[in-house]
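The values are calculated or read from the model by the stated rules, or taken from the named source; none is laboratory data. All of these numbers come straight from a predicted model, not from anything done at the bench. All Cβ positions, glycine included, derive from the backbone under ideal geometry; neighbour counts span all protein chains shown. Accessible surface areas use protein heavy atoms only, side chains included; no ligands, DNA or RNA. Shrake-Rupley method; radii C 1.70, N 1.55, O 1.52, S 1.80 Å.
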Amino acid sequence: LEANSDIKKVVGIFGGRFQPFGPHHKKVYEWLSKQFDDAYITTSNIKKLPRHPMDFKEKVRHMSKMGIPKSKIIQEKTPFVAKSLEKKFNPKTTAFVYIFGKKDTGRLGGGKYFQDYKKNKNNLKGYKEHGYYLVAPHMSVSAGGLEVSGTAMRELLGSEKYKDDREKLFKKMFGYYDKGVFNMMTNKFSKIFEHKSEPKRPLKKKWNDGKGKELLQ
């Protein structure tokens with residue numbers, strides 16, 4: 001405890017794209033909020049098909065319907081660099097612990113800033129000096145006969161094969177039904193599948209007619 005005397009608060013951070021946020025993400029967040037003094041979700045405002053159909057406000061609309069307090073969802077340029085969240089806390093007395101998936105641990109755990117939380121939990125430093133990482137437990141969730149994953153959720157929201165059962169499956173998957181949010185999300189994700197199914201058109205080549213004019217072939 002003496003070694004830890006400077007750190008008064010440990011904050012857990014669950015960062016990600018959340019396109020979309022699902023029941024397995026909710027379970028991870030609930031687990032995180034029990035591990036530390038406080039817990040937040042960090043995500044970006046990028047909006048670009050096909051990987052980012054929903055912007056930050058749209059994600060918040062959906063997450064809050066699933067029971068995540070709006071005050072706990074923070075917009076960050078990069079989810080694993082919580083610069084906006086830092087403004088809420090004292091850098092000398094607050095430690096940040098980021099939840100990583102197993103695949104991200106190798107990618108983000110190799111630098112000097114991120115340290116293994118379990119190895120350092122008795123001697124934590126403030127978030128300016130170090131951030132800590134902890135591997136999230138795998139939360140297996142089934143809904144409507146589907147093992148919940150990012151791919152399964154995107155298919156449910158956008159694929160033609162779920163067209164007739166979409167509303168019923170949406171409620172089973174996300175635990176609520178709100179017509180406005182349902183319409184917003186299905187509209188967003190159906191565009192991904194339209195995008196995928198479009199036939200590739202041959203690229204038009206530009207060439208010059210010798211008089212300075214560019215002509216399309």
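Please give me, ordered by residue number, the GluC sites (Glu not before Pro) of region 81-179 that lie in loop per DSSP and have at most 14 other Cβ atoms within 10 Å.
Details: sites: GLU86, GLU129, GLU147, GLU155, GLU160, GLU167; in loops: GLU129.
The qualifying sites are GLU129.
Give me the distance in nm between label points sitting 7 Å out from Cα along the Cα-to-Cβ direction at GLU147 and LYS121, one decimal.
2.9 nm
Taking the solvent-accessible surface of protein heavy atoms with a 1.4 Å probe, what is the per residue accessible area of region 92-171 in Å²?
Value returned for region 92-171: 58 Å² of accessible area per residue.
If you consider only alpha-carbon coordinates, what radius of gyration and Dmax does region 56-103 have, in Å?
Spelled out, the Cα radius of gyration and Dmax of region 56-103 are 12.6, 35 Å.
Any chance you could run the full-extension gain for TRP31 through GLU129? It's 0.36 nm times the residue separation minus the Cα-Cα distance, nm to one decimal. Display every interim value, and only then the final one.
Working: separation 98, 0.36 × 98 = 35.28 nm, distance 2.57 nm.
Separation in residues times 0.36 nm, less the Cα-Cα distance, equals 32.7 nm.
Of LYS48/LYS168; LYS59/LYS161; LYS26/LYS118; LYS88/LYS112; LYS26/LYS72; LYS70/LYS102, which sit over 20 Å apart, Cα to Cα?
Numbers: LYS48/LYS168 28 Å; LYS59/LYS161 24 Å; LYS26/LYS118 23 Å; LYS88/LYS112 24 Å; LYS26/LYS72 12 Å; LYS70/LYS102 27 Å.
Pairs exceeding 20 Å: LYS48/LYS168; LYS59/LYS161; LYS26/LYS118; LYS88/LYS112; LYS70/LYS102.
So for region 12-91, Kirkwood radius off the Cα pairs, Stokes-Einstein at 20 °C and 1.002 mPa s: how many µm² s⁻¹?
Values: Rh = 12.8 Å.
Result for D is 168 µm²/s.
For region 145-194, report the % of Cα-Cα distances exceeding 18 Å.
On the way: 213 of 1225 pairs.
Tail of P(r) above 18 Å: 17 percent of Cα pairs.
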